[in-house]
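Chemist: Pasting in a structure now, in structure tokens, and then I'll have a few things to ask.
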Amino acid sequence: MEHDPHAPPPAAQEAADSAVDDWAREEDAEPMAVDPHHHAGASAEDGEGVADAAPPAAPAEDVTEIQSSLQSLELKTNAAAHEDAQEVEEEKETKRHLNVVFIGHVDAGKSTAGGQILFLSGQVDDRTIQKYEKEAKDKSRESWYMAYIMDTNEEERLKGKTVEVGRAHFETETTRFTILDAPGHKSYVPNMISGASQADIGVLVISARKGEFETGYEKGGQTREHVLLAKTLGVAKLIVVINKMDEPTVKWSKERYDEIESKMVPFLRASGYNVKKDVHFLPISGLLGTNMKTRMDKSICSWWDGPCLFEVLDRIEVPLRDPKGPVRMPIIDKYKDMGTVVMGKIESGTIREGDSLLIMPNKTNVKVIGISLDEHKVRRAGPAENVRVKLSGVEEEDMMAGFVLSSIANPVGSLTEFNAQLQILELLDNAIFTAGYKAVLHIHSVVEECEIVDLIEEIDMKKKKEADPKKKKPKRKPLFVKNGAVVVCRIQVNNLICIENFSDFPQLGRFTLRTEGKTVAVGKVVAVPPTGSTTFSA
């Protein structure tokens, strides 16, 4: 047998292939430096086979040739694998990502609907479901087992009430979703606000059961408050799912469905939603999973021709954010894990590994040393992604929820007063809204006590549309305003907070005012002090 000096022997070829396989298994696709020892070893083993076939003088030359051909082969394979890995990464990124918040009155079935979605999209296996069913049965609460997927702590399971904002992930063919399951009970509205402020789409869950819809919808019910908060917090699109349609008192009745829709439409319109474009109504059963992943059978509900929940979620259009804009990421939470990790939703810009950023308002320079997305490590993350960012240069105790991670070139403003346009919703019984009024301000992830220091002007929304711009009346400076009024006022807080004009960054410029556990006003930031100063100069 003649030996071709250029062809690597079979054993060497296998060594090269295994090296390539090992490399391909590695997560990051960076070309590996060729390890001469590895090949020297492989070639030395083959030296014996080579010596048998050729005269004894040849092995040294053979070995060097084999080595060089192996190296070039490995480099070529590395380059090809590197390109493949890049393609895979790009392909992954083509799926858009949306955050969906489940809102609605307590006991409307939000956690059950969220749990059912995860089950239908294959995120939870049958064994886990059987375990939850048994657990719910032991507590004699058979119908709660689906909610256990979202409500993970013992307090929530015992009472059947969500307290924290639950999070989970699922995918359809075109979109990756993050579910945020917000609490419906009025005591936990601040938690619901933090959930809704991270969302792009809201799913408003309404119970069709006799009496339950009415309780949630009437004054003091959470359905109304949640819709108003969702609109203020930037949830642009709303899917209104009318749940519990399988209930014995409802039995998929078209009359009940139409009655609920006819009551909700005027209210949604008054809250600022364009009902034709931004709101979808559909009937479902969260417990049975009917009309969620697949359209339901005519035998169950003869009158419904519309799409199912997954179809609506897939088709929904959401305004795009600017990946090239300045970085803005309000911090929702932070913890220690081999460094300081912050959690939040990127509202603008793109964060990459190795970036130098600024934490405002305390102006700390930090470096990004790692980014995780849904438990996976990534190199970069763009707008609307919920991420965990590992930082160096800052201690966990040096920052709080409400601080903002921002770009150094164009940092977010930090201030203690701003002008806002407020809509007064419902003041407490004996309260007057005037200068000196105190409330709790919720803006992105900031919760801060504030005081109204000045009412600047009252805006008459009816006359605003009809008024001739040339006949501008002098501004009316009110002493106080009543429910339903729209007013421009100056708000002051004790500590520095990071906010932006609503016109520049809507996500960092809309807020709610709450007093004694009730939302009294919603508003947007219309003017901030000049760059570099924290207050308006008198």
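The values are calculated or read from the model by the stated rules, or taken from the named source; none is laboratory data. Keep in mind it's a predicted model, so treat the numbers as computed, not measured. Cβ coordinates were reconstructed from backbone atoms using ideal geometry, including for glycine residues, and neighbour counts include every protein chain displayed. Only protein heavy atoms, including side chains, enter the accessible area calculation; ligands, DNA and RNA are left aside. Shrake-Rupley method; radii C 1.70, N 1.55, O 1.52, S 1.80 Å.
Chemist: So what's the convex hull volume per residue for the Cα atoms of segment 322-461, in Å³?
Modeler: On the way: hull volume 21.5 nm³, N = 140.
In segment 322-461, the Cα convex hull volume per residue is 153 Å³.
Chemist: What percentages, rounded to whole numbers, describe P(r) for segment 414-527 computed over all alpha carbon pairs with 10 Å bin width beginning at zero?
Modeler: With 10 Å bins starting at 0, P(r) equals 14, 47, 30, 8, 0.
Chemist: Which entries of K477/K524; K110/K524; K276/K482; K438/K524 have Cα-Cα distances beyond 21 Å here? Kindly include the intermediate steps, with their values, before the conclusion.
Modeler: Details: K477/K524 19 Å; K110/K524 29 Å; K276/K482 31 Å; K438/K524 17 Å.
In this structure, K110/K524; K276/K482 exceed 21 Å between Cα atoms.
Chemist: Mind checking segment 208-253 for GluC sites (Glu not before Pro) that DSSP puts in a loop (not H, G, I, E or B) and that have at most 13 other Cβ atoms within 10 Å?
Modeler: On the way: sites: E212, E214, E218, E225; in loops: E218.
Hits after loop and neighbour filter: E218.
Chemist: For W303, W252, write out the residues from largest to smallest accessible area, computed with a 1.4 angstrom probe and no ligands counted.
Modeler: On the way: W303 60, W252 30 Å².
So the residues, ranked largest to smallest area, are W303, W252.
Chemist: Full extension from D460 to K336: what is 0.36 nm times the residue separation minus their Cα-Cα distance, to one decimal in nm?
Modeler: Working: separation 124, 0.36 × 124 = 44.64 nm, distance 5.03 nm.
Difference between extended and current length: 39.6 nm.
Chemist: Express in nm, to one decimal, how much length is gained between T294 and D258 on full extension, taking 0.36 nm for each residue of separation and deducting their alpha carbon distance.
Modeler: Details: separation 36, 0.36 × 36 = 12.96 nm, distance 2.21 nm.
Result for the pair: 10.8 nm of gain on full extension.
Chemist: If you don't mind, another one. Could you tell me which of the pairs K95/K244; K231/K336; K334/K377 are separated by over 22 angstrom between their Cα atoms in the structure shown? It would help to have the intermediate numbers written out before the result.
Modeler: Details: K95/K244 32 Å; K231/K336 34 Å; K334/K377 17 Å.
With Cα atoms farther than 22 Å apart: K95/K244; K231/K336.
Chemist: Considering only protein heavy atoms and a probe of 1.4 Å, how much of the accessible area of segment 296-432 is carbon and sulfur, as a whole percent? Mind showing how you got there, number by number?
Modeler: Numbers: 3200 of 6450 Å².
Carbon and sulfur: 50 percent of the exposed surface of segment 296-432.
Chemist: Tell me, in nm to one decimal, what length is gained between W303 and T172 on full extension, where the rule is 0.36 nm per residue of separation less the Cα-Cα distance? Numbers along the way, then the final one.
Modeler: Working: separation 131, 0.36 × 131 = 47.16 nm, distance 2.66 nm.
This chain segment gains 44.5 nm when fully extended.
Chemist: How many nm separate the modelled label positions at L428 and A409, each set 7 Å beyond the Cα in the direction of the Cβ?
Modeler: Here the modelled spin labels are 4.8 nm apart.
Chemist: Can you compute the radius of gyration and Dmax for segment 305-382, using only the Cα atoms, both in Å?
Modeler: My reading of the Cα-based Rg and Dmax gives 16.2, 56 Å.
Chemist: Can you check what the Kirkwood hydrodynamic radius comes to for segment 389-444, Cα pairs only, in Å to one decimal?
Modeler: Details: mean 1/r = 0.0642 Å⁻¹.
Mean inverse Cα-Cα distance, inverted, gives 15.6 Å.
Chemist: For a protection proxy built on the mean count of beta-carbon atoms within 10 angstrom, sort 440-446, 514-520 highest first, please. Don't skip to the end; give the middle numbers.
Modeler: Values: 440-446: 24.4, 514-520: 16.1.
Descending packing order for the listed peptides: 440-446, 514-520.
Chemist: Can you give me the distance in nm between label points at E353 and R315, each placed 7 Å from the Cα along the Cα-to-Cβ direction?
Modeler: Rounded to a tenth, the inter-label distance reads 4.0 nm.
Chemist: Ok, one more. Specify the inter-centroid distance of segment 340-375 and segment 256-328, based on alpha-carbon positions, in whole Å.
Modeler: First find each Cα centre; the distance between them is then 34 Å.
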